[in-house]
Amino acid sequence: DFMPNECLKSLSSSWTEFLLNLFNQILHAESLPKSWSWIRMKLIYKKGDPLDPYNYRGIAIFSNVVKLFTGIIYNRLYSWVESNQLIPEEQMGFRKNRGCRDCVFTLSTVINTSLRFKRGKVHAVFVDYKRAFDTIEHCKLWLKLYNLGLSRKFLQLIISLYDNASMVISDGGSNSREIPISAGVLQGEILSPLLFSLYVSDIVDYFIAHNSKGVALNNIKDLHMILYADDMVLLSSTWISAQKKLNILKEYCDENSLKVNISKTFAMIFSKGGSSSDSKPLWYASHPIEYTKSFNYLGVLFSTSAKFSKCSEYFLARTVKANSTVLSLLKSCKSDDWQTKAHLYDSVSESVLLYLAEVWGPEYSHILERGQLGFLKLLLHLPKTTPDAFVRLETGRIHTQFKIFKKMLGWWQSLLEMSESRLPKICYTRLVELQHCTMPFNWVLTLRKYLFSIGSDLLWHAQCPKMVRDNYNSLLESFKNHLFSKDINSVLNSRYNVIYRNLCNFSVREIYFSYHIHINKLRLIAQLRLAYKKKGVVYLNRKKYTFISDNFCMFCSLNNSDDLIHFILGCPGFASLREKYLNKYISSFYSFNDKFIHLFSFSEPGDLDKLNDIYLYCVHTFKLRNLLS
């Protein structure tokens, strides 16, 4: 109907009353207008051969009035489903307060707790369905909904929506002929994920009824599978159990008109060290399942070692690409605001780097930190050897480890507040119980180490969500100060650039980053302040200038070292330029080191003129150096 949501939001009370009466009449009649089942389908290309229709995802575009009505139906249906626990705990897709994080945490936990045993293994099969949402037979769906106890009124409304459903495929300004929809749930319609979850809600019980053996989470709960909508991981302790699960899955799929995509279904054997010699072939029907050493599950790379070192490198590589995108954006927009640059990195690159890092990243913050530092060093044209602490203190950036800790605290609080029946809570409780056992990765040990490092032992032992919530801000502040003090100690004990300890304000970022100036000026000041004392490297106007203290200055006969301090403040060859631009900011009674410190200290907004003069001095002197060298 091409009616935007903004119109519906702006309706007067009389029109909202009309809509309410219309919806109640439809609910009473248990039938939707036929035109409400007319759908415009947009096909979104995924990957692969663009001529293959299976490489497109269909998105159903409904009338906004219809979406408003089905949204009301969804809210009532979802509340009924959850209150009656009709969907198994193993299904974490499209459910409130659940998501990919629950799945990744649960999978990591069940693998690692199993590997605490000598020769312990976990056989995992990552199952990919072939167009699962599109192949469901409607008659079987209606029967399952009826058997689950859905009221006749709601069932009739859903049947009415689907019985009259037809679509046209829209491509730009042209539409296909009208095509009746005879199978599948309507992707893009709010009810569809819930209907699919209800359709497969019996799968766990089906496996148990067929004598499937799961992997033990604790003395009570065995885990047979983890589900996220149509993403499935089958879990077994032995090859025999894994093969039996595949046989059961074949029977279930045949009964429910589902098909497995063999080419995208993979098996992994998790073990200590990640190597396994007994990888007997697994079969789905007559098709072999390919084994792999790593698998990207819901965006997180799992390796057979059950550790996340490869995962951290994977996300770092993705962040390097994202950094290139951010740098290109900054180059094109020519922003002179440092906050804009930092915000773009946080929004684009860091969001890639720290995806679910609260689950997999705590032990690899030193690797992930390279994503932030790589961006800052590229942006400011700093040498790769510039100490990390120098760069963070100069730009006022906090460790990536702090961001991970913040996300971990939020996840910890969520875990503590969960009901005891939730799988992530069972996993967390089990990890706490096994914190003194040896396993490849125990998430709670890293959290405990972080809390102990800031003196929060009592909070850890209390395991109280209210205490975590009440102390949340103080915990973050303590951890930030802990990391900040480590950077300060690093600068004070560094021999890379001993002058910098007198330049750094050791609080927030340096004030010159608040100036609205061209990026070349910002880069120059940062490079000069952070330069290595023995080999200073400066990039200015696309040229590289190197100052080596073991060499003699070629522009004077004083046999002084060719270092940055001499070049800027002492070399008589540039005395006239120094008189023009710099001498008004420094006292002749100072030593060269003190002059440099005074010249490159920016403590107030009025120092912008000084910065501009330093830039002009360097432009002229560096140009002369380039001509004479």
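The values are calculated or read from the model by the stated rules, or taken from the named source; none is laboratory data. Since this is a predicted model, take the numbers as computed values, not measurements. Backbone-built Cβ (ideal geometry, glycine too); neighbour counts: all protein chains shown.
Listed values, structure above:
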| read-out | value |
| --- | --- |
| Count of residues meeting criterion [of a type outside the set (Phe, Trp, Tyr) and crowded, with 21+ Cβ neighbours inside 10 Å] in the range 505-520 | 1 |
| Any hit, the range 96-106, residues being in the same structural domain as ASP163 (by TED's automatic domain parsing), surrounded by 18 or more Cβ atoms within 10 Å (Cβ to Cβ) and polar (S, T, N, Q) | yes |
| Options LYS140, LYS130, LYS118; residue that is more than 29 Å from LYS250 (Cβ to Cβ) and either in the same structural domain as ILE181 (by TED's automatic domain parsing) or surrounded by 20 or more Cβ atoms within 10 Å (Cβ to Cβ) (or both) | LYS118 |
| Yes/no for PHE506 being part of a loop (DSSP other than H, G, I, E, B), among the hydrophobic types (A, V, I, L, M, F, W, C), more than 30 Å from ARG430 (Cβ to Cβ) and outside the structural domain of GLY570 (by TED's automatic domain parsing) | yes |
| Whichever residue in the range 339-394 is part of a helix (DSSP H, G or I) and of a type in the set (S, T, N, Q) and, among such residues, is nearest to the chain's Cα centre (by Cα) | SER351 |
| Only one of TYR581, TYR585 that is surrounded by fewer than 18 Cβ atoms within 10 Å (Cβ to Cβ), aromatic (Phe, Trp, Tyr) and in contact with a His (Cβ under 9 Å, 6 or more places away or on another chain) | TYR585 |
| Verdict on LEU145 being surrounded by 19 or more Cβ atoms within 10 Å (Cβ to Cβ), of a type in the set (A, V, I, L, M, F, W, C), in the same structural domain as ALA183 (by TED's automatic domain parsing) and farther than 17 Å from TRP80 by Cα | no |
| Elements of type strands (runs of 3 or more DSSP E) contained in the range 139-251, each with 3 or more residues being more than 32 Å from the chain's Cα centre (by Cα) | 166-171 |
| Residue pairs meeting the criteria (Cβ under 7 Å; at least 6 apart or on separate chains; first among the basic types (Lys, Arg), in the range 250-267; second surrounded by 13 or more Cβ atoms within 10 Å (Cβ to Cβ)) | LYS250/TYR284; LYS259/TYR129; LYS259/LYS130; LYS259/THR135; LYS259/CYS253; LYS264/ASP128 |
| Condition met for LEU51 (farther than 15 Å from LEU191 by Cα and not in a strand (DSSP E or B)) | yes |
| Sole residue being in a loop (DSSP other than H, G, I, E, B) and either in contact (Cβ under 8 Å) with a residue 24 or more places away in the chain or surrounded by 19 or more Cβ atoms within 10 Å (Cβ to Cβ) (or both), chosen from SER557, SER603 | SER603 |
| Search result, residues across the range 6-60 that are touching a residue at least 60 places away in the same chain (Cβ under 8 Å), of a type in the set (Lys, Arg) and farther than 30 Å from LYS130 by Cβ | LYS34 |
| Subset of the range 299-338 that is part of a helix (DSSP H, G or I) and more than 18 Å from the chain's Cα centre (by Cα) - its residue that is nearest to PHE402 (Cα to Cα) | TRP338 |
| The lone exception for HIS381 - which of (1) without any contact (Cβ under 8 Å) to a residue 12 or more places away in the chain; (2) on the phi > 0 side of the Ramachandran plot it fails | (1) |
| The range 512-534, subset among the hydrophobic types (A, V, I, L, M, F, W, C), more than 31 Å from the chain's Cα centre (by Cα) and in a helix (DSSP H, G or I), residue farthest from ALA342 (Cα to Cα) | LEU528 |
| Residue among LEU19, LEU11 that alone is surrounded by 14 or more Cβ atoms within 10 Å (Cβ to Cβ), farther than 30 Å from VAL200 by Cβ and hydrophobic (A, V, I, L, M, F, W, C) | LEU19 |
| Residues that are in contact (Cβ under 8 Å) with a residue 12 or more places away in the chain and surrounded by fewer than 16 Cβ atoms within 10 Å (Cβ to Cβ), drawn from the range 319-333 | THR325, LEU329 |
| Residue list for the range 537-552, restricted to those being in contact with a helix residue (DSSP H, G or I) (Cβ under 6 Å, 6 or more places away or on another chain), hydrophobic (A, V, I, L, M, F, W, C) and either over 16 Å from THR385 (Cβ atoms) or surrounded by fewer than 16 Cβ atoms within 10 Å (Cβ to Cβ) (or both) | LEU540 |
| The listed residue being touching a Gly at 6+ places or on another chain (Cβ under 6 Å) and touching a residue at least 24 places away in the same chain (Cβ under 8 Å), out of ILE136, ILE158 | ILE136 |
| Answer from GLY361, GLY371 - the residue that is under 28 Å from VAL508 (Cβ atoms) and touching a Cys at 6+ places or on another chain (Cβ under 9 Å) | GLY361 |
| Which listed residue is in the same structural domain as TYR206 (by TED's automatic domain parsing), more than 28 Å from the chain's Cα centre (by Cα) and not charged (D, E, K, R), from ILE44, ILE72, ILE87, ILE59 | ILE72 |
